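Just below is one structure, and these are the notes that go with it.
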Amino acid sequence: MDQHLLDIREDVFHRNQGESEFHQAVTEVFESLNTVIGKHPEYADAAILQRMCEPERQIIFRVPWTDDEGKVQINRGFRVEFNSALGPYKGGLRFHPSVYLGTVKFLGFEQVFKNALTGMPIGGGKGGSDFDPRGRSEGEVMRFCQSFMTELYRHIGEYTDVPAGDIGVGGREIGFLFGQYKRITNRYESAVLTGKGMGWGGSLLRPEATGYGAVLFAQEMLKTRGATFDGQRVVVSGSGNVAINAIDKAQSLGATAVAASDSGGYIVDEAGIDVALLRQIKEVERGRISEYAERRGGKAKYVENGCVWDVDATVALPSATQNELEAKDAKRLVEAGIVAVAEGANMPCTADATAIFQEAGVLFGPGKAANAGGVATSALEMQQNASRDSWSFGHTERRLEEIMIGIHSTCATTADRYGKPGNYVAGANIAGFTKVADAMLALGVI
């Protein structure tokens, strides 16, 4: 990283103290931009990097709600509207105890580049709360969502900011949020939220899109070495929406997905994970992954408090949360013969782990490229809402496949153009950055 970039990064760190995930995301992008800044002095002249690292708007608000015992609870809500040079802010809401401003800013910063890579006219933002829906009743989740939206509604709109789901925010929560938005505004604006149910403005394939997209991106990487998913041994972290659908897609392409996890431990099923059973336990019953092993009749084992990356694999799909795959895990996977890694979650690999994979020649797809299928399909949902239309599953899946192939091609060709062949991290960062930067230049100093 040259001195100009180091100086800007130091200023970003000083202005955003204590936000380690945001610092990590900024550093990863900056490390790809040396040659870009050298070729495009106009970016430096217009302070594009400084402006890109400063959100256009940061909203923090109180979320009071009443639990089932009548006790008032207080949580904190966030929405960071990061960059709208390409279109309305677009990005999910995360409900999890770990959420704080630094989490939301890192996610929003990543979202700007991810959304640019899709080729869709959407900017980047992110939001959420430190509320934990796990263990809460349906009524408690509803009352929290209604209180959250009572503040958020004034900041969003189909031409302004379009939230979606993320960790802790699925179809149930989106339904409660949309209902409150409709109640307050007295308008049925379908495109104000994505991830909706099919009966009220949602899109077929949206629940599957992030997991499917990560597998499709990994498949394109494998093709560069004359391989496919057929016969691959796959390990996936997490067992939520992204993980389950990544397992489903990988197995439909001939792979055997043998492991998945949650915060309590991981399962190993050498015959291949039974997707229907896992979906029933995690999405319908909202249970723990340990129940999968219990109900597989001895065909699977559960390792309590274990690390899923201890399981040998040729393809890894980290799909749980940020910084879950560390350097020691990367070394072990490389020693075991890992061929490809595609991030289904946002920044699940630490910087050290990413470097180990790249140095070992492992195909590595960063989250801003590999998991962009979710937000791309959200944009397709917005298109359907705007035209009062509903597309078939097959049509939407073909669009998703076209988008993911396009993202892979963009990352690969950009990396080649800037002298970093095979480096998908650099390709994704440079392609996303230049697209947003050029739009910012066109719009003037705003």
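The values are calculated or read from the model by the stated rules, or taken from the named source; none is laboratory data. Owing to the predicted nature of the structure, the values given are computational and were not obtained by experimental measurement. As a convention, Cβ positions derive from the backbone with ideal geometry for all residues, glycine included, and neighbour counts pool all protein chains shown. Please note that ligands, DNA and RNA were not included when accessible areas were found on the heavy atoms of the full protein model with its side chains. Shrake-Rupley method; radii C 1.70, N 1.55, O 1.52, S 1.80 Å.
Laid out as a table, the results:
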read-out: FRET efficiency for Glu402 and Glu56, using Cβ-Cβ distance with R0 set to 35 Å, rounded to 0.05; value: 0.70
read-out: Cβ charges +1 (Lys, Arg) and -1 (Asp, Glu), total dipole of the chain, debye; value: 900 debye
read-out: Loop-resident sites, the stretch 375-444, for trypsin sites (Lys or Arg not before Pro), counting at most 11 other Cβ within 10 Å (DSSP); value: Arg388
read-out: Accessible area of the chain belonging to carbon and sulfur atoms, whole % at 1.4 Å probe; value: 48 percent
read-out: Sparsely packed trypsin sites (Lys or Arg not before Pro) within the stretch 1-101, loop by DSSP, other Cβ within 10 Å at most 13; value: Lys71
read-out: Rounded, prolate or oblate (a/c below 1.5 giving rounded, otherwise prolate when a/b exceeds b/c) for the chain by Cα gyration tensor; value: rounded
read-out: Mean accessible surface per residue for the chain, computed with a 1.4 Å probe while every protein chain stays in place, in Å²; value: 38 Å²
read-out: Asp416 versus Arg225: modelled label distance in nm, points set 7 Å from Cα along the beta carbon direction; value: 1.9 nm
read-out: Residue with peak Gaussian network fluctuation, the chain [Cα springs, cutoff 10 Å], from His408, His155, His40; value: His40
read-out: Distance in nm between pseudo-label sites at Ser252 and Asn323 (7 Å out along the Cβ direction from Cα); value: 3.5 nm
read-out: Relative contact order (%) - the stretch 322-398, alpha-carbon pairs under 8 angstrom, separation at least six; value: 29 percent
read-out: Sites Glu270 and Ala442, calculated FRET efficiency, Cβ-Cβ separation with R0 51 Å, nearest 0.05; value: 0.40
read-out: Cα centroid separation - the stretch 21-65 against the stretch 301-354, whole Å; value: 27 Å
read-out: Computed [θ] at 222 nm, deg cm²/dmol, the chain (DSSP H ≥ 4; -39,500 (n - 2.57); rounded to nearest 500); value: -14500 deg cm²/dmol
read-out: Entries in Lys126/Lys196; Lys39/Lys420; Lys39/Lys114 that, when Cα-Cα distance is taken, lie over 20 Å; value: Lys39/Lys114
read-out: HN-Hα J in Hz across the stretch 285-296 - Karplus 6.51, -1.76, 1.60, θ = phi - 60°, x for Gly and Pro; value: 8, 6, x, 9, 5, 4, 5, 4, 4, 4, 9, 8
read-out: Zone of Tyr159's modelled label, taken as backbone nitrogen in the stretch 381-397 under 20 Å from a point 7 Å along Cα→Cβ; value: 381-389
read-out: Long-range amide H partners of Gly287 with built H, under 5 Å; value: Lys282
read-out: Positive dipole terminus of the chain, leading residue within Thr396, Thr413, Tyr181 (C-beta point charges); value: Tyr181
read-out: Integer Hz, Karplus 6.51/-1.76/1.60 couplings in order for the stretch 332-345, x for Gly and Pro; value: 5, 5, 4, 4, 7, x, 4, 10, 9, 10, 10, 7, x, 9
read-out: Qualifying aspartates and glutamates (Cα of each under 17 Å from Cα of Lys182; at least 8 residues distant if same chain); value: Glu151, Glu158, Asp161, Glu173
